[in-house]
Amino acid sequence: MRSRKPREAREPWRFPHIGRRITKTTVAVFLCLLIYYLRGYQGGDMPTESAITAIICMQPYVRDARTYALNRFAGSAIGAAWGLLLLLLLSVYPMLGASVLGLYAMMALGVMLSLYSAVLVRMPDTSGLAAIVFLCVVIAFPDIEEPLRQAGNRLLDVFIGTVVAIGVNVFRLPRVKHRERVFFVKTKDLVPDRFSQIPAAALFRLNYLYNDGARICLMSEHAPAFFTLQMSAAKLNAPLIVMDGAAIYDANENRYLSAETIAPEDSKPIRERLDALGISYFLYTVHHGKTCIFHAGEYREEEKTVYDRMRRSPYRSYLEGEIYDPAEIVYIKILAEDSRITELEYSLRTVLPRGRLRGVSRPQAGAPGISGLYIYSHTATMEQAQKRLMQRLREDDPALEPVEIVSREGYRSERDAVHLLHILERYYEPVGLPGKRTR
């Protein structure tokens with residue numbers, strides 16, 4: 001049996017993924033500055049208003065950008081109106097701007113009025129831009145000869161920035177959606193540990209892909225109860241591979257589609273050896289489509305640490321006494337100190353049927369110094385589970401093909417999970433011409 005070494009705490013740093021919003025914002029700013037140049041503006045003019053508006057209005061999706069842009073334009077109109085009013089007032093009564101302190105006080109008052117007006121019309125999110133536009137209109141005083149033109153130009157800049165932001169968001173390079181691909185992703189690449197929920201940004205990206213039609217199968221080392229904790233808000237559209245590949249589970253219907261159990265003649269000698277050594281253990285079974293967990297032997301201190309935390313879940317059934325049917329055992333789990341795991345593996349090798357069972361050991365999250373030894377049927381692997389699931393899915397669609405998305409470094413932060421889903425999105429929806437398959 002092969003032991004899996006715990007992942008090191010420190011991982012090499014790498015540059016984050018450059019997302020679509022960054023790219024779109026960069027293009028939008030360049031187009032705003034280009035329009036500024038084509039309008040005949042010179043270096044002494046203000047080229048940044050449209051660019052600032054484009055940055056503020058740029059959103060990840062078109063629908064958000066439209067709503068945001070309309071609100072921002074309304075806020076800009078508020079700021080431009082108050083700026084124009086102040087300039088007209090100063091042109092009629094020049095003495096109001098004779099004192100620098102008095103002029104600054106009026107500008108500050110104009111900022112307050114712009115902010116309050118946006119709140120008054122129930123557009124509080126636009127208040128900041130309203131104040132910015134107001135200052136852009138009045139900041140050049142007293143070197144303003146035509147207040148109406150000054151306010152009009154600033155409002156036009158805002159309009160240009162708004163339109164450019166929407167236009168860049170709407171435009172998309174030709175893409176091909178590969179709905180014939182089934183993507184396999186390990187949950188350990190999306191969450192910190194088995195007791196943690198998927199980070200918000202990764203959940204948002206995952207659900208976006210699900211809603212768009214991407215067929216994603218999540219694979220977990222653990223029982224379905226852990227998945228329910230980790231991914232409770234995920235909008236699944238494909239069955240799950242759980243228990244290190246020992247079972248396929250439909251979370252939408254809350255039932256097992258298949259399970260690779262240990263033959264009774266293989267589990268019996270292992271249980272007898274553990275009983276003889278005085279080592280307690282858990283038997284994970286699938287009984288009538290539900291996970292039932294039986295415990296054998298006296299609870300040890302290292303088991304209580306993990307058991308007390310897991311048994312609080314409403315998605316597991318922990319039972320005492322004899323199992324319903326030895327043929328329903330999916331895997332045997334033994335908890336022990338890290339130093340004893342290797343010893344236990346060696347002790348069990350003499351009774352493990354050669355080539356019929358496999359063992360995996362890994363540290364237990366939330367229990368420092370404690371590891372678990374998991375014993376499965378030799379057919380209970382992630383690779384075999386993928387093949388079984390593809391056979392099932394191809395009954396309805398023979399053209400389906402599997403694609404496994406693997407993280408090289410594993411989960412280190414939320415950024416790694418989002419980056420992995422961005423890679424998946426490139427395989428699902430690459431740039432290409434309609435009607436052509438992109439490999």
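The values are calculated or read from the model by the stated rules, or taken from the named source; none is laboratory data. Fair warning: this is a prediction, and the values are worked out from it, not measured in the lab. As a convention, Cβ positions derive from the backbone with ideal geometry for all residues, glycine included, and neighbour counts pool all protein chains shown. Please note that ligands, DNA and RNA were not included when accessible areas were found on the heavy atoms of the full protein model with its side chains. Shrake-Rupley method; radii C 1.70, N 1.55, O 1.52, S 1.80 Å.
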Options Tyr284, Ser258, Ala247, ranked by Cα towards positive dipole end of the range 244-285, top entry (Cβ charges): Tyr284
Listed residues Leu236, Leu155 arranged by accessible area, highest first, probe 1.4 Å: Leu155, Leu236
Centre separation in Å (Cα based) which lies between the range 378-408 and the range 84-135: 64 Å
Highest to lowest packing among 31-39, 127-135, scored as the average C-beta count within 10 Å: 127-135, 31-39
Ordering of 206-215, 375-384, 99-108 by burial proxy (mean other Cβ atoms within 10 Å per residue, highest first): 375-384, 206-215, 99-108
Residue pairs, from the table Lys188/Lys333; Lys186/Lys235; Lys177/Lys235; Lys290/Lys387; Lys188/Lys268; Lys24/Lys188, whose Cα atoms sit over 21 Å apart: Lys290/Lys387; Lys188/Lys268; Lys24/Lys188
Within the range 219-249, backbone nitrogen closer than 15 Å to the virtual label 7 Å beyond the Cα of Met390 toward Cβ: none
For peptides 386-392, 221-227, sequence by mean Cβ density within 10 Å, most packed first: 221-227, 386-392
Solvent exposure ordering (accessible area, 1.4 Å, most first) of Asp275, Asp396: Asp396, Asp275
Percent carbon-and-sulfur accessible area, the range 186-269, ignoring ligands, DNA and RNA, probe 1.4 Å: 46 percent
Loop-resident sites, the range 316-350, for GluC sites (Glu not before Pro), counting at most 15 other Cβ within 10 Å (DSSP): Glu320, Glu322
The range 313-374, accessible area per residue, ligands and nucleic acids excluded (1.4 Å, Å²): 49 Å²
